[in-house]
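**Q** Mind looking over this structure? Questions follow.
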Amino acid sequence: MKASVIEKINETNQRYLKNLVGKDIPQRLVDQINNMDWSYLNLIGEREQKRGEFAPLGAMELPEIQAKKEEFKAIGLEAIRNCKVGAILLAGGQGTRLGFDKAKGMYNIGVSKDLYIFEQLIRNLQKVTEEAGAFVPLYIMTSDKNDAQTREFFAEHDYFGYNKDFVKFFVQEMVPAVDFDGNVLVEAEDSLAMSPNGNGGWFASLVKAGLGEDMKEKGVEWLNVFAVDNVLQQIADPVFVGATIQSGCVSGAKVVRKCDPYERVGALCLEDGKPSIIEYYELTPEMAEATNEAGSLLYGFGVILNYLFSVEKLFEISKKQMPLHIVEKKVPYMDENGVAIKPETPNAYKFETLILDMIFLMDNCLSFEVDREKEFAPVKNATGVDSVESARELLQKNGIEI
Ligand code: UTP
């Protein structure tokens with residue numbers, strides 16, 4: 001290994017590696033270091049992402065959707081029957097806030113019986129496939145850290161009754177985390193501290209895994225991308241699909257009315273005239289509290305990570321560079337003696353691309369309101385807001401036996 005490369009390694013780990021001199025440095029570690037894209041490090045100094053001019057964006061609201069429901073649904077069901085709609089389950093995250101060390105979808109949200117998050121999501125999808133009388137191809141994104149356990153879990157549970165020929169897994173890429181001085185950390189004898197590269201790389205990883213061909217063969221024209229952690233997630237919802245197709249937009253986003261101006265969700269809006277998402281911490285108090293004549297918040301429609309994208313448009317934007325976000329995280333590493341350290345406070349930067357930045361790359365987006373009580377029960381934390389407790393309550397309110 002070149003000395004200049006060793007210099008990029010966190011100082012403690014350099015000492016650890018020097019202790020290994022004379023012994024063989026595992027090839028995996030050498031490969032990871034040689035394959036690392038060091039240009040990431042230049043971004044650390046420019047942490048602020050430059051944003052454009054924001055303006056509010058309304059939504060197709062519940063009364064209008066209700067009035068046209070049957071029309072939209074017929075269009076959506078027709079597309080599903082013709083296998084034009086696929087679904088992407090984003091399950092590569094690490095779920096650090098929940099503090100569950102397996103894939104988040106393996107979490108048992110049941111009380112009096114077992115009900116795994118993955119299971120509940122499949123139930124939600126089955127409502128649609130039963131009505132359509134056709135299966136929706138389901139592509140599940142995992143990461144190196146949870147791929148094997150996720151595949152095994154689905155196999156063990158017989159895909160929760162879903163047709164396994166319509167389920168495909170693919171693994172997202174990993175990137176090294178770096179300490180605050182920009183040096184990579186060593187996590188194990190044969191590995192750098194690697195973490196999943198965020199949920200924005202899903203399309204690139206899907207194509208890299210050869211699944212672009214699978215979609216082509218099946219004739220998939222739309223992809224409904226959704227997060228693993230919303231147990232009320234409505235997948236391949238024919239009303240949403242139909243409304244987006246009829247609108248002529250190349251993308252759609254399900255949104256809920258924010259429960260207060262400062263709710264910690266991104267709001268769908270316009271940025272330099274294009275659809276975009278403004279994060280809650282980017283809103284000034286004036287923007288957060290601004291209302292229209294009817295008294296509704298101007299930046300009041302929050303995204304719930306349920307998007308529909310035209311596949312053709314996804315291929316078109318796939319060559320564009322997405323912004324990289326730098327997040328501070330607690331990243332375990334090894335000290336110079338090879339002892340594993342679990343930091344109590346953030347010690348490293350992780351690099352992520354985010355799916356919400358894809359919306360900006362779309363020319364247009366149908367903002368589609370849904371009832372949060374019926375479609376939004378995120379499991380982010382163990383207790384409190386957006387937690388196991390609140391999701392259980394919402395499942396019960398929707399008549400789901402847990
Ligand atoms: P979150 O932003 O909540 O991240 O993911 P997370 O890693 O699951 O949880 P925390 O922040 O560590 O607590 C939103 C969705 O994006 C997926 C997650 O699995 C979830 O469905 N995701 C996130 C990925 O698929 N890959 C990633 O690298 C990050």
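The values are calculated or read from the model by the stated rules, or taken from the named source; none is laboratory data. Keep in mind that this is a model prediction, so the values were computed, not measured. Note that we place each Cβ from the backbone using ideal geometry, even for glycine, and neighbour counts take in every protein chain shown.
**Q** For the stretch 105-155, enumerate the residues that are of a type in the set (Asp, Glu) and in contact with a Phe, Trp or Tyr (Cβ under 6 Å, 6 or more places away or on another chain). Before you say what the answer is, go through the steps one by one.
**A** Let us first name the residues in the stretch 105-155 that are of a type in the set (Asp, Glu), namely 114, 119, 130-131, 144, 147, 152.
Of everything in the stretch 105-155, just one residue is of a type in the set (Asp, Glu) and in contact with a Phe, Trp or Tyr (Cβ under 6 Å, 6 or more places away or on another chain), namely GLU119.
**Q** Can you say whether GLY86 is out of contact with any Cys (no Cβ under 9 Å at 6 or more places or on another chain) and more than 14 Å from the ligand (Cβ to nearest atom), as far as the supplied structure shows? Can you show your working first?
**A** On the way: out of contact with any Cys (no Cβ under 9 Å at 6 or more places or on another chain): yes; more than 14 Å from the ligand (Cβ to nearest atom): yes.
Spelling it out, GLY86 is indeed out of contact with any Cys (no Cβ under 9 Å at 6 or more places or on another chain) and more than 14 Å from the ligand (Cβ to nearest atom).
**Q** Any chance the stretch 378-387 includes a residue that's acidic (Asp, Glu), within 30 Å of GLY110 (Cβ to Cβ) and within 16 Å of the ligand (Cβ to nearest atom)?
**A** So in the stretch 378-387, the residues acidic (Asp, Glu) come out as 386.
Keeping just the survivors that are within 30 Å of GLY110 (Cβ to Cβ) gives 386.
Checking which are within 16 Å of the ligand (Cβ to nearest atom) leaves us with 386.
Scanning the stretch 378-387, I find at least one residue that is acidic (Asp, Glu), within 30 Å of GLY110 (Cβ to Cβ) and within 16 Å of the ligand (Cβ to nearest atom), so the answer is yes.
**Q** LYS254 passes all but one of (1) more than 16 Å from the ligand (Cβ to nearest atom); (2) in a strand (DSSP E or B); which number fails?
**A** Only one criterion in (1) more than 16 Å from the ligand (Cβ to nearest atom); (2) in a strand (DSSP E or B) is unmet by LYS254, namely (1).
**Q** Oh, and also: Regarding GLU71, is this residue free of Cβ contacts under 8 Å to residues at least 40 places away in the same chain and not in a strand (DSSP E or B)?
**A** no
**Q** Every residue in the stretch 102-142 that is hydroxyl-bearing (Ser, Thr, Tyr) and not in a helix (DSSP H, G or I), please.
**A** TYR107, SER112, TYR116, TYR139, THR142
**Q** Mind checking whether some residue in the stretch 233-245 is assigned to a strand (DSSP E or B) and surrounded by fewer than 23 Cβ atoms within 10 Å (Cβ to Cβ)?
**A** Within the stretch 233-245, not a single residue is assigned to a strand (DSSP E or B) and surrounded by fewer than 23 Cβ atoms within 10 Å (Cβ to Cβ).
**Q** Hey, can you tell me all the residues within the stretch 297-327 that are over 18 Å from the mean Cα position of the chain (by Cα) and not in a helix (DSSP H, G or I)?
**A** LEU297, LEU298, TYR299, GLY300, PHE301, LYS319, LYS320 - these are the residues of the stretch 297-327 that are over 18 Å from the mean Cα position of the chain (by Cα) and not in a helix (DSSP H, G or I).
**Q** Find the strands (runs of 3 or more DSSP E) located wholly in the stretch 143-229 whose residues include 2 or more that are among the aliphatic types (A, V, I, L, M), and list them.
**A** Passing ranges, in order: 167-171, 174-176, 186-188, 222-227.
**Q** Then there is this: So GLN396 ticks every box in (1) among the polar types (S, T, N, Q); (2) under 19 Å from VAL265 (Cβ atoms); (3) more than 16 Å from the ligand (Cβ to nearest atom) but one. Which box is left unticked?
**A** Of everything listed in (1) among the polar types (S, T, N, Q); (2) under 19 Å from VAL265 (Cβ atoms); (3) more than 16 Å from the ligand (Cβ to nearest atom), GLN396 misses just condition (2).
**Q** When the stretch 142-199 is examined, which residues are found to be within 16 Å of the ligand (Cβ to nearest atom), more than 26 Å from GLU217 (Cβ to Cβ) and among the charged types (D, E, K, R)?
**A** Of everything in the stretch 142-199, those that are within 16 Å of the ligand (Cβ to nearest atom), more than 26 Å from GLU217 (Cβ to Cβ) and among the charged types (D, E, K, R) turn out to be ASP144, LYS145.
**Q** Would you check which residues across the stretch 340-354 are within 21 Å of the chain's Cα centre (by Cα) and either hydroxyl-bearing (Ser, Thr, Tyr) or at pLDDT 95 or above (or both) and list them?
**A** If the condition is that a residue be within 21 Å of the chain's Cα centre (by Cα) and either hydroxyl-bearing (Ser, Thr, Tyr) or at pLDDT 95 or above (or both), then TYR349, THR353 are the ones that fit.
**Q** Could you count how many residues in the stretch 89-101 are more than 8 Å from the ligand (Cβ to nearest atom) and crowded, with 17+ Cβ neighbours inside 10 Å?
**A** Result for the stretch 89-101: 1.
**Q** Tally up the residues in the stretch 200-240 that are within 13 Å of the ligand (Cβ to nearest atom) and among the polar types (S, T, N, Q), please.
**A** Number of matching residues: 3.
**Q** Are any residues in the stretch 153-181 surrounded by fewer than 16 Cβ atoms within 10 Å (Cβ to Cβ) and within 21 Å of THR12 (Cβ to Cβ), and if so, which ones?
**A** Selection gives PHE180, ASP181.
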